[in-house]
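To keep things clear, I will list the structure first and then write my remarks on it.
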Amino acid sequence: MRLFHSKNTKLELLLRKHLFAMGFRYRLHSKELKGHPDIVFPRYKAVIFVHGCFWHAHEGCSCFRVPKTNQAFWLEKFRNNKERDRISIEWLESNGWRVCIVWECAVKRPIYFTFDELLDFICCWLKGGAHSCEIDGGGILPKLELDFEIFKVIRLGIS
């Protein structure tokens, strides 16, 4: 599988380019964090995984189909990938990190939102302190449950 790269995919580069243009600064593939998240935002204690629908077996997605040849191998590979993802996400969340999974179909072929709306959602998710979420292209964007304690109301005293 060395022919297929797991880092710096086109989808990941596209998302990173736009987030950087929006003013976000991040780290890439942090080896200190379990699962080596694709994009790490230490300031917001948040990470983003950009999952390919095929390699991470995105169920119910038109981008994912089990290959007809050597099915036993592929089913085992997909099962192992999903288990590794689950363990990584559990570890990150238990250590105080917020996790956003962006599926390939959410970037390539979203049905109910545009790429700009996806970027706006990620921006709000990062800055708003919302809990972990998953974004796929087949549904609407998740509702954000913001932590309003991070926003402080400042009253200006006018003399």
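The values are calculated or read from the model by the stated rules, or taken from the named source; none is laboratory data. Note that the structure is predicted; figures quoted are calculated from it, not measured. Here the Cβ positions follow ideal geometry from the backbone for every residue, glycine too, while neighbour counts run over all protein chains shown.
Since Met22 meets every condition but one in (1) surrounded by 14 or more Cβ atoms within 10 Å (Cβ to Cβ); (2) touching a residue at least 12 places away in the same chain (Cβ under 8 Å); (3) of a type outside the set (Phe, Trp, Tyr), which condition does it not meet?
Unmet condition: (1).
Quick check, is Val66 of a type in the set (Val, Ile, Thr), surrounded by fewer than 18 Cβ atoms within 10 Å (Cβ to Cβ) and closer than 17 Å to Glu104 by Cβ?
Here the answer is yes, as Val66 does meet what is asked.
Considering Arg86, Arg65, which residue is without any contact (Cβ under 8 Å) to a residue 40 or more places away in the chain, farther than 19 Å from Glu12 by Cα and not in a loop (DSSP other than H, G, I, E, B)?
Arg86
Report yes if Trp125 is in contact with a His (Cβ under 6 Å, 6 or more places away or on another chain) and surrounded by 20 or more Cβ atoms within 10 Å (Cβ to Cβ), otherwise no.
When the stated conditions are applied, Trp125 does not pass them.
Among the residues of the stretch 102-118, how many are surrounded by fewer than 16 Cβ atoms within 10 Å (Cβ to Cβ) and either on the phi > 0 side of the Ramachandran plot or not β-branched (Val, Ile, Thr) (or both)?
6
May I ask you to verify whether Val99 is of a type outside the set (Ser, Thr, Tyr), at pLDDT 90 or above and touching a Ser or Thr at 6+ places or on another chain (Cβ under 7 Å)?
In short, yes.
Filter the stretch 47-62 for residues that are assigned to a loop (DSSP other than H, G, I, E, B) and not small (Gly, Ala, Ser); which is surrounded by the fewest Cβ atoms within 10 Å (Cβ to Cβ)?
So, considering only residues that are assigned to a loop (DSSP other than H, G, I, E, B) and not small (Gly, Ala, Ser), the one surrounded by the fewest Cβ atoms within 10 Å (Cβ to Cβ) is Glu59.
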